[in-house]
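Report on the following structure.
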Amino acid sequence: MKSRFINEELARNLLTKYGSPLYVYDEVILREMANKVSHFLDGHNIRYKCHYAVKANSNPHLLKIMKEEGLFVDSMSPGELAMVEMAGFTNKEILYVCNNISAEEMKLVADKNILMVFDSISQIETFGKLYPDSDIMVRINPGVLGVGHSKHVVTSGEKTKFGISEDLFEELKQVVSKYNLNIIGLHQHLGSLFLDDKIDDYINGVKKLLELAHSFKDLKIIDLGGGFGISYQPDGKELDLDLLNSKLVPLLREFLKSYGDVEFIFEPGRIVVAESCILLGTVTAAKENMGTSYIGTDIGMGIIERPSRYESYHHIEVLNGSNNYINATVVGNVCESCDVLGEDREINTPSIGDPIAVYDAGAYGFSMSSNYTSRTRPAEILLGNGVEKPIREAETLEDLLGKITQPY
């Protein structure tokens, strides 16, 4: 866990200056991880790119840093596209990996000459009517069981909405031929967050997609997805990229030898940005209720949704210098029983007003935040070279009400 870069004094100062809660990023950690991931397969004489999945965190200030460190991007909505363009990415550096989009959205992307990945035959037909004679990529469901920290982020195998299965390849080719479309690439994504113990599951998916690729001629790109994970545990180990390479490289070389030259794409999202961020908040209440101690905070499920949606673990500390600890459940300020940041945690004995830190909050933290219960979303701050740089202002009530028409 890299994200212990804030002490009590700095936390109190930042919360006083920018408000509570507050997302705080460390530029050094972000650059280190972006650079490490963008070059993870160097030295093997294999053509590849790493496309950061923008949905993990779409702040243009952070995206600009990732671009500087060698990453490309995957976008999946007009808003994400606007964010990456603001960060300086060009159309050739963007892949649009979409799911069930409208014809209007297709036009928006195609008119920018950005390559699109389609994951259903009906979507390809819609696109073909609008843009015959075009290059496309196709998302394949390889049929192997996906990988992920929750069933909600497993994106391969049976009972998932993603991709085109092998039994539909003939129908796919008929539709492609009908509109003279050119499949220049295949894509798959097994899920989000795998570590060393799931590398073999990822490799099985790679093997299957490379096998299916032989059903298509003249491919230029094969996107092997990603889901590269972090442990989130304070003493957890990072994903061993050297171990992943040792299993990947022989497969890729064997495929290139039998198929011919292609460029591989990988999609490392979470691993790039997660550890660079601490979500700061404030202890607002403490109580015991029927034998359970609760620490109440201003970090509700609208500020960070992962714990309530996925029952995901984030390490949490009260920043008060106390060496006394209690077992407590840390909760937010939303009237929902699932508004829990962490259950039964050993944590510093708090006082009201103490800063509290939720670590590894950079991926799917702010990007999944909302105005649920009509609360405003917090500011984002980037720390680097001793400088505090606001990269998103906190929302105000005026922002919240600004698009609402007057009742009458």
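Bear in mind that the values in this text are calculations on the coordinates, not laboratory data. Given the structure is predicted, the values throughout are model-derived calculations rather than measurements. As a convention, Cβ positions derive from the backbone with ideal geometry for all residues, glycine included, and neighbour counts pool all protein chains shown.
Structure data summary
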item	result
Gyration tensor (alpha-carbon) shape descriptor, the stretch 337-385, a/c threshold 1.5	oblate
Ordering of 365-374, 34-43 by burial proxy (mean other Cβ atoms within 10 Å per residue, highest first)	34-43, 365-374
Dipole magnitude of the chain, debye to nearest 20 (Cβ charges: Lys/Arg +1, Asp/Glu -1, about Cα centre)	600 debye
Burial ranking of peptide ranges 107-113, 280-286, 11-17 (average Cβ count within 10 Å, highest at the top)	280-286, 11-17, 107-113
The stretch 223-294: translational diffusion in µm²/s, Stokes-Einstein, Kirkwood Rh over Cα pairs, 4 °C, 1.567 mPa s	79 µm²/s
Neighbourhood net charge (15 Å Cβ-Cβ; Lys/Arg +1, Asp/Glu -1) for I404	-2
Hull shadow area, averaged, the stretch 41-267 [alpha-carbon convex hull, nm²]	12.4 nm²
For the chain, calculated [θ]222 nm from helices alone, where every DSSP H run of n ≥ 4 adds -39500 (n - 2.57)	-8500 deg cm²/dmol
Amide H contacts of G269 (H built 1.01 Å from N, under 5 Å, at least 5 apart or other chain)	A53, G227, F228
Long-range amide H partners of I381 with built H, under 5 Å	Y23, V24, Y25, I391
At q = 0.11, 0.12, 0.19, 0.23 Å⁻¹, base-10 log of I(q)/I(0) for the stretch 295-381 (Debye sum, equal scatterers on each alpha carbon)	-0.28, -0.34, -0.85, -1.21
Three-way shape call for the chain based on the alpha-carbon gyration tensor, with the a/c threshold at 1.5	prolate
Nonlocal amide H pairs with R345, under 5 Å, H built at 1.01 Å	A328, T329, V330
Cβ-based exposure ranking for R375, R47, in which fewest neighbours within 10 Å come first	R47, R375
Overall dimensions of the stretch 181-316 as given by Cα atoms, namely Rg and Dmax in Å	20.7, 66
Hz values of 3J(HN,Hα) by residue in the stretch 220-233 - Karplus curve (6.51, -1.76, 1.60), Gly and Pro given as x	10, 9, 10, 9, 9, x, x, x, 4, x, 10, 7, 6, 6
